[in-house]
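Remarks on the structure that follows.
Computed from the coordinates by the stated procedures, all read-outs in this text should not be read as laboratory data. Model, not experiment: these values are computed from the prediction. All Cβ positions, glycine included, derive from the backbone under ideal geometry; neighbour counts span all protein chains shown.
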Amino acid sequence: MTAPLLSIENLTRDYALRGRGGATRTLRAVDDVSLAVEAGSVFAVVGESGCGKSTLARIVMALDRPTSGTVRLGGDDLFALSPTALARKRRDFQMVFQDPYGSLNPRHSVGRIVAEPLCLLDDAPRGRDRQALIARALEEVGLPGSAAARYPHEFSGGQRQRIAIARALITRPKLVVADEAVSALDLSIQAQILRLILGLRDRHGLTVLFITHNLGVVDEIADRVGVMQAGRLVETGTVREVLDHPREDYTRKLLAAEPTLAVLAQRERRAWRAGPLASCD
Amino acid sequence: MLAIRNLSIAFPGAAGPVRVVDDVSVEVGRGESLGIVGESGSGKSMLSLAAIGLLPRTARTSGEILLEGQDILRMGERALCGLRGRRIGMIFQEPMTALNPAMTAGQQIAEGIRLHRRVGRAEARAEALRLLDRVRIPDPARRIDSYPHEMSGGQRQRVGIAIALALEPDLLIADEPTTALDVTVQKEILDILDELVADLGLSLILISHDLGVIARSTDRTLVLCRGRAVEQGATAAVLRHPTAQYTRDLIAALPRRARAGLGEGPPLAAGGGAR
């Protein structure tokens, strides 16, 4: 087995909350989380609001610091790096956000948006090469290269999420962190974006940390999954293990609450059972 | 209970009127739940706003919306005020924005009661408490004096339902009532709506983009696509044996897990479309 690309060990993040009268208490948003993600795989973190999954994503992106614990990417401990070294390292990990409307600057052209992470590169191409790189990045996510000259408002939600993915991929990162990246999209568009992400993983050996609240999406995209509850990773395993044979009560509760079309058969059975009884009155 | 006949809704646009709802006819009976499903821009929210006389002023309508024979589209503002809340209750998607942040849960529930009925403050408060209990808010005696920001999303939506129930309407319209909520909370809220239909005999129009939600909580379903009714019928029939290609595409776009257990019906792969 190769060493994991991303390895998180005993990660904890406390926030101090100021209450009434200056009293402070501590909120443990992430509580002793450890996980490892193999290169070229998709690891999903699933949980409900407030479980700490977005805090975890922000720390992996080095947008926030852990209270204790380590995050290693390709062997480097992100929080032991000097600021300069961390800045240089950022080309290796990029993020796709939930809201395709809020995450793209409406006053910048799509080309400028997609090219933004190139500032992390010392050897970023200029001039014609840069334009060609932007066009290729857009084509890779299924948009025409000519989209570079247009502005975000000219695109639908699904197209904007493609733009956000093109931006995340332009530095050829090893890891992409996607935080609820398909949650704001209509189902048909959601399916297209999931297929796009899987295609990119297959073509480029991309590693993805996929944060979501949706078990249906986990099933579609992930190789492994971790279930988070109140800051803790309560269950981790392959998608088949966790979704088909959950060990934790909380995982079972999540699975049972998920609305699926299987409910049609249950409703019919219930109506059938109720039928003969009702006629006895 | 409510009959929508040949309803069209259009807005003035730069290049002539834009039709957001196009010749839609649908009915919901007493004690029946109707699901309206469609993707963003399908016109499902406009349809529900029209049913409660809340369309933006610039909207142009044709057709009719009959509530026990009376056409809502031709009612004056006064008549509409008598109808909103009392005959038709509305539950919105975002309980944080739908509630008044400066009023407690109890005040907001009692406000409607006292506007429409001649009851004292104490009596309205007692009624509000009863309603909070009905929507199974934990610790209602304490929650009645809570402000929206002190409550979770699920609790806020329970307050939203209590407000809608305060005037004992015959019809509830719920526009994506659980979209902003966690799945476990969503289940609890849908359980309450199911109960209201089953126990109180309310009619329910449930608008959702989620076929799983439609499948569990509605008797009949209307599928909207760009303002047009592409299909309607018994929910089980529409989902098991969709006749419109658009419905098949919607089902095919569901994650495998959500589709699993659909039972009989056409092979989904044959639906083609988005997947």
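Before moving on, here are some points about what is shown:
- Protection proxy ranking, highest mean first, for peptides B:87-94, B:201-208, B:181-188: B:201-208, B:87-94, B:181-188, where packing is the per-residue count of other beta-carbon atoms within 10 Å, averaged.
- The helix-based estimate of mean residue ellipticity at 222 nm for chain B, built from -39,500 (n - 2.57) per DSSP H run of four or more residues and divided by its residue count, is -10500 deg cm²/dmol to the nearest 500.
- Whichever lysines have a C-alpha closer than 29 Å to that of A:LYS174, once near sequence neighbours (fewer than 8 apart) are set aside: A:LYS53, A:LYS89
- Degrees separating the helix B:183-200 axis from the principal Cα axis of chain B, which is the longest one: 80
- Percentage relative contact order, segment B:96-168, counting C-alpha pairs under 8 Å, at least six apart: 46
- DSSP beta bridges in the protein assembly as shown [antiparallel fraction, %, rounded to 5]: 55
- Ordering A:CYS51, A:CYS119, B:CYS225, B:CYS81 from the fewest to the most neighbouring beta carbons within 10 Å gives A:CYS119, B:CYS81, B:CYS225, A:CYS51.
- Here the relative contact order of segment A:183-277, from alpha carbon pairs under 8 Å that lie six or more residues apart, stands at 15 percent.
- Shape category assigned to chain A from the gyration tensor of Cα positions, a/c cut at 1.5: oblate
- Fraction of antiparallel bridges per DSSP, chain A only, in percent to nearest 5: 55
- In degrees, nearest ten, helix A:157-169 long axis to first principal axis of chain A (Cα): 50
- DSSP-defined antiparallel bridges as percent of all bridges, segment A:174-244, nearest 5: 55
- Using C-alpha pairs below 8 Å separated by at least 6 residues, the relative contact order for chain B is 24 percent.
- Within the shell defined by Cβ-Cβ distances under 14 Å, the residues around A:ILE8 carry a net charge of 0, with Lys and Arg each +1 and Asp and Glu each -1.
- Counted charge near B:GLY212, where neighbours are those whose Cβ lies closer than 11 Å (Asp, Glu -1; Lys, Arg +1): +2
- Given R0 = 41 Å, the distance between the Cβ atoms of B:HIS149 and A:ARG252 translates into a calculated FRET efficiency of 0.80.
- Ordering of B:238-245, B:47-54 by packing is B:47-54, B:238-245, highest average first (other Cβ atoms within 10 Å, averaged per residue).
- Straight-distance candidates among the aspartates and glutamates for linking to A:LYS253, with alpha-carbon spacing under 18 Å and chain neighbours fewer than 8 residues away dropped: A:GLU48, A:ASP219, A:GLU235, A:GLU241, A:ASP244, B:ASP182, B:GLU188, B:ASP191.
- Helix content alone sets the calculated 222 nm mean residue ellipticity of chain A: runs of n ≥ 4 DSSP H residues at -39500 (n - 2.57) each, divided across all residues, give -11500 deg cm²/dmol.
- For B:LYS44, the lysines whose Cα comes closer than 29 Å to its Cα, not counting residues fewer than 8 places off in the same chain, are B:LYS187.
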